[in-house]
Amino acid sequence: MKLKELAERVGAGVVAHGGIEISGVASVAAALEGDVVFAEDEENFTAALKSRAAAVIAGQFAHQAQTSKALLIVANPRLAFARAAGLLRGHAAHSGPIHPSAVIHPSAKLGNGVSVGANAVIGNVIVGARTRIGPGCVISDAVELGTECEIYANVTIYSDSRLGNRVVVHAGAVLGSDGFGYVRDPKTGRHDKFPQIGKLEIEDDVEIGANTTIDRGALETTRIGRGTKIDNLVHIGHNCQFGEDVIIAAQAGFSGSITIENQVVIGGQVGVGEHARIQEGVLLGGQAGVLPKKILRGKGVAFWGTPAKPLREYLRSLASLARLGKRE
Amino acid sequence: MKLKELAERVGAGVVAHGGIEISGVASVAAALEGDVVFAEDEENFTAALKSRAAAVIAGQFAHQAQTSKALLIVANPRLAFARAAGLLRGHAAHSGPIHPSAVIHPSAKLGNGVSVGANAVIGNVIVGARTRIGPGCVISDAVELGTECEIYANVTIYSDSRLGNRVVVHAGAVLGSDGFGYVRDPKTGRHDKFPQIGKLEIEDDVEIGANTTIDRGALETTRIGRGTKIDNLVHIGHNCQFGEDVIIAAQAGFSGSITIENQVVIGGQVGVGEHARIQEGVLLGGQAGVLPKKILRGKGVAFWGTPAKPLREYLRSLASLARLGKRE
Amino acid sequence: MKLKELAERVGAGVVAHGGIEISGVASVAAALEGDVVFAEDEENFTAALKSRAAAVIAGQFAHQAQTSKALLIVANPRLAFARAAGLLRGHAAHSGPIHPSAVIHPSAKLGNGVSVGANAVIGNVIVGARTRIGPGCVISDAVELGTECEIYANVTIYSDSRLGNRVVVHAGAVLGSDGFGYVRDPKTGRHDKFPQIGKLEIEDDVEIGANTTIDRGALETTRIGRGTKIDNLVHIGHNCQFGEDVIIAAQAGFSGSITIENQVVIGGQVGVGEHARIQEGVLLGGQAGVLPKKILRGKGVAFWGTPAKPLREYLRSLASLARLGKRE
């Protein structure tokens, strides 16, 4: 892609050498000719100018720089760099569209340009155009995948799951598995399985990490909203309702029937009890624990600890505790 | 199944329209004709009567209801509904018994009606009647599976594992992997692997969640007792001895040589140290931590926090801490 | 193997019956003829002498024992037993070298004696001699595996990953997946993916547990040092730099750009924030949490709690808290 076009598409205001051809993104240390790098401050900018990169995305501070390198000046260099990477990555080509070793149900409806990896097993499903299904995946009957999804290797998707467009699912993830619900017989102490026959819906532009598990609804539907990003080894239980643009770090766990509103940010190893509600824009620090049925509210308000408290309050308790330990 | 037969089998005392044919269970919102729903209180009962369901399982409060719907009156509607679901689910049919792409050891002994999914790899094993092995599973040599087990896709079972009857294993679970045991050489600081050559035994009616891992014994046997239910992403280390009807929520972890007695309930993200013992009927709240060698006792007694304390004591400490934070 | 040779190779100082043939290791309870067992104290030694084992590895205390059993006397019986197990295990033979159902890229370079399990999918890779790749594994293009690695079933390795020699990877693990990095657009609240195009390097003699996930670098390289042992369901984020002979128990999580120096020991369910550094020989107790950018130091110094404090300090706080709870 010509640098000039790249600059326009990432909203960069100033360009030199717009005719240069750009082929990829890289770190300053690893950059080769043809790469674009980025710098958020003057120190990194100096290093970037010494790199082999063809062009540097930098902030306003770089406006007057004396250099022979091409510069893209933007308000937010990191964001522009991320967008440039997305544009340059495009939608990578596979070696072959449908590997002959894949086992595909004769009634499956695969859109144009769908690719299926070796030894994948595809039930009676609907798959949108240009979606890629990795080797070893098992996609059960009655699953719908949108267009331009990327399903990495060894993913399992149970029946009655529906993924939107451009959903990315990393290796080993399990989508639509049975929720964890039983009814205890008080006479015998044994547990009868409560039916886990609901659905799973994942909206557009969601990304799901490696070995993460998301359960189907019990009788209802588990839902993950548009643009939500989920890290590795996360567990999401049955009937959860997740909003849009939520961020969930690795190993967080959500028991069941939990509502997470838009723009919530969940730290690593956070645990949330059933029927809790985390309102829009709340931040939960790593390892925090939210009790069942609890409601947390406040855009941009951080909570921490178990049970989760507003950050300031929790830090005050920690400080008191430390002083107490020293006094006694 | 005729409603009358269903009523008898779930122990419902009162029935109208016993001749109706029932085909499945559903939520009140999603119910179609032929479905049975349940209601635990009058509010849900009113909604259930307005649904399209053919029949409603309800408590004694519904005894006198004026309705043209069929009613099943029981002491515990949720339990009866769960049982009805189990009866109606039956043992679902697969499209084919043994997929031609599966790779099966020539000496493997497969019982009547065993089904094996596409691209599964089955060693020299013994599999009981009507057990189903999903696509992409890898079952090593010297494994025994009982009758009517359901092994979902992409499960891996190491050698020397033995599963009872009606065991359910969700996708991506790993059973019988090596435990985590090393001996440190004090001279070099390097770690030699302690042998992990024991066995894994899982008794009847156990259910194991997606991407859960259960290690084989080091020299002995790891055991999971009858009827125990294990959620997703749980880790159970080598030599653990779990009793019957234990409930373990998602992402709980058990290091090794731990005893969990019958009817224990373990919350999500709980961690238990090696050689600990949790006695019969103890409840552990989410994220609780149990120290190595610790013994927790008391039927129905709840523990919480790290290190886990009796719930009342722990809540008192939390309250004191909160007051302290405010005072200072 | 002759007992005499085994004794020499594990550094045992005293032997009787050196000509006996030893075939394996076992627990005292399960030992058969031909097995060697070990005893660290007199009580276990007495039991070992009554077992069917051919030989007993024991400490100096056993020097004068009256017995017809063969004895190997060493300073550290557990370490000698672990080494004996390694020597006797050798490098177990597979039934066949490369299963015909495996799908292997025509340009892949496989060393002598490489074995590939059924339905594995191998890209354009380099694999060292005698490495074994289990059934159902997916190894992407541009991966290098050293010699004598053991990759168990259903493992996924993304492109640009490099494993050293004798690396063991348990079933379901995912290596080299995308890190979790996004740039939030403050105008829309949406998240653009930051490029995750770095590499993963795993050095010799590392062992990785079942369903563990290790992400590739964002622009740099994620590195796991020689001899480091990682348990099940661990998450290691992008750009982490782990030293040698590190021990990481199950379900621990490392967010990103974390440095773990040599000989660190990490308990189960520990969480470490981004850019933290754990210096050589530090011990972190189970469920401890380390804040982003925090540095912990001290060989042999134990830390516990969230945020992690020196153990003594943390225990003092816990004791104060308990007293406070009782007083009020």
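Of the residues examined, B:GLY172 is one that is in contact with a strand residue (DSSP E or B) (Cβ under 9 Å, 6 or more places away or on another chain) and either outside any strand (DSSP E or B) or not assigned by TED's automatic domain parsing to the domain that holds B:ALA250 (or both). Within the stretch A:210-227, can you find the residues that are polar (S, T, N, Q) and either surrounded by fewer than 24 Cβ atoms within 10 Å (Cβ to Cβ) or in contact with a His (Cβ under 7 Å, 6 or more places away or on another chain) (or both)? Across the stretch A:210-227, the qualifying residues are A:THR213, A:THR221, A:THR222. Any residue at all in the stretch A:266-280 that's farther than 20 Å from C:GLY289 by Cα, outside any strand (DSSP E or B) and among the β-branched types (Val, Ile, Thr)? No, the stretch A:266-280 contains no residue that is farther than 20 Å from C:GLY289 by Cα, outside any strand (DSSP E or B) and among the β-branched types (Val, Ile, Thr).
Residues in the stretch A:248-257 that are touching a Leu at 6+ places or on another chain (Cβ under 9 Å) and more than 7 Å from chain C (Cβ to nearest Cβ): A:ALA252, A:GLY253. Just one of the listed residues (A:GLY128, A:GLY136) is on the phi > 0 side of the Ramachandran plot and at pLDDT 95 or above, namely A:GLY136.
Filtering the stretch A:289-306 to residues that are out of contact with any Gly (no Cβ under 6 Å at 6 or more places or on another chain) and not hydrophobic (A, V, I, L, M, F, W, C) leaves A:LYS293, A:LYS294, A:ARG297, A:GLY298, A:GLY305. Scanning the stretch C:85-112 for residues that are modelled with pLDDT under 95, farther than 14 Å from B:VAL103 by Cβ and among the small types (Gly, Ala, Ser) yields C:ALA85, C:GLY86, C:GLY90, C:ALA92, C:ALA93.
With respect to C:ALA319, is the statement that it is over 23 Å from the mean Cα position of the chain (by Cα), crowded, with 24+ Cβ neighbours inside 10 Å and not aromatic (Phe, Trp, Tyr) true? In short, no. Checked against the criteria, C:LEU311 counts as touching a Leu at 6+ places or on another chain (Cβ under 9 Å), within 13 Å of chain A (Cβ to nearest Cβ) and surrounded by fewer than 19 Cβ atoms within 10 Å (Cβ to Cβ). Candidates in the stretch A:151-204 are the residues that are in contact (Cβ under 8 Å) with a residue 60 or more places away in the chain and more than 7 Å from every other protein chain (Cβ to nearest Cβ); of these, the one that is surrounded by the most Cβ atoms within 10 Å (Cβ to Cβ) is A:GLY179. Within the stretch C:215-242, which residues are more than 7 Å from every other protein chain (Cβ to nearest Cβ), over 13 Å from C:ILE197 (Cα atoms) and aliphatic (A, V, I, L, M)? Answer for the stretch C:215-242, where residues must be more than 7 Å from every other protein chain (Cβ to nearest Cβ), over 13 Å from C:ILE197 (Cα atoms) and aliphatic (A, V, I, L, M): C:ILE224, C:ILE230, C:VAL234, C:ILE236. All of B:ALA70, B:ALA80, B:ALA84 fail the test of being away from chain A (no Cβ under 11 Å) and either closer than 29 Å to A:PRO186 by Cβ or touching an Asp or Glu at 6+ places or on another chain (Cβ under 8 Å) (or both), apart from B:ALA70. Screening the stretch A:245-262 for residues that are farther than 23 Å from A:TYR158 by Cα and in contact (Cβ under 8 Å) with a residue 24 or more places away in the chain and picking the one that is surrounded by the most Cβ atoms within 10 Å (Cβ to Cβ) gives A:ALA249. Flag not set for C:GLU274, criterion: closer than 28 Å to C:TYR182 by Cα, free of Cβ contacts under 8 Å to residues at least 24 places away in the same chain and acidic (Asp, Glu). Looking at the stretch B:103-121, is at least one residue part of a helix (DSSP H, G or I) and either within 14 Å of chain A (Cβ to nearest Cβ) or of a type outside the set (D, E, K, R) (or both)? Checked against the condition, which is being part of a helix (DSSP H, G or I) and either within 14 Å of chain A (Cβ to nearest Cβ) or of a type outside the set (D, E, K, R) (or both), the stretch B:103-121 yields no hits at all. The listed residues are A:LYS326, A:LYS299, and the only one of them that is surrounded by fewer than 17 Cβ atoms within 10 Å (Cβ to Cβ) and assigned by TED's automatic domain parsing to the domain that holds A:LEU233 turns out to be A:LYS299.
Across the stretch C:284-300, what is the number of residues that are farther than 24 Å from B:GLY253 by Cβ, of a type in the set (Gly, Ala, Ser) and within 13 Å of another protein chain (Cβ to nearest Cβ)? Total satisfying the criteria: 1. From the list B:GLY268, B:GLY281, the lone residue that is facing chain A (nearest Cβ under 10 Å), without any contact (Cβ under 8 Å) to a residue 40 or more places away in the chain, more than 24 Å from C:VAL234 (Cβ to Cβ) and out of contact with any Cys (no Cβ under 6 Å at 6 or more places or on another chain) is B:GLY281. Residue check: C:ALA250 meets all listed conditions (1) over 20 Å from the mean Cα position of the chain (by Cα); (2) outside any strand (DSSP E or B) but one, namely (1). Take the conditions farther than 21 Å from A:ASN119 by Cβ, not assigned by TED's automatic domain parsing to the domain that holds C:VAL174 and not in a loop (DSSP other than H, G, I, E, B) and apply them to C:ALA85. Does it pass? Taking the combined requirement at face value, the residue satisfies it. Quick one: which of A:ALA12, A:ALA53, A:ALA47, A:ALA7 is in contact (Cβ under 8 Å) with a residue 24 or more places away in the chain, assigned to a helix (DSSP H, G or I) and assigned by TED's automatic domain parsing to the domain that holds A:ALA84? Exactly one of A:ALA12, A:ALA53, A:ALA47, A:ALA7 is in contact (Cβ under 8 Å) with a residue 24 or more places away in the chain, assigned to a helix (DSSP H, G or I) and assigned by TED's automatic domain parsing to the domain that holds A:ALA84, namely A:ALA7. Annotation note: of A:ALA39, A:ALA54, A:ALA30, the sole residue that is farther than 20 Å from C:ASP192 by Cβ, crowded, with 16+ Cβ neighbours inside 10 Å and either within 26 Å of the chain's Cα centre (by Cα) or modelled with pLDDT under 90 (or both) is A:ALA30.
The values are calculated or read from the model by the stated rules, or taken from the named source; none is laboratory data. Note that this is a predicted model, so its numbers are computed, not measured. Positions of Cβ are generated from backbone atoms using ideal geometry, with glycine treated the same way; all protein chains shown enter the neighbour counts.
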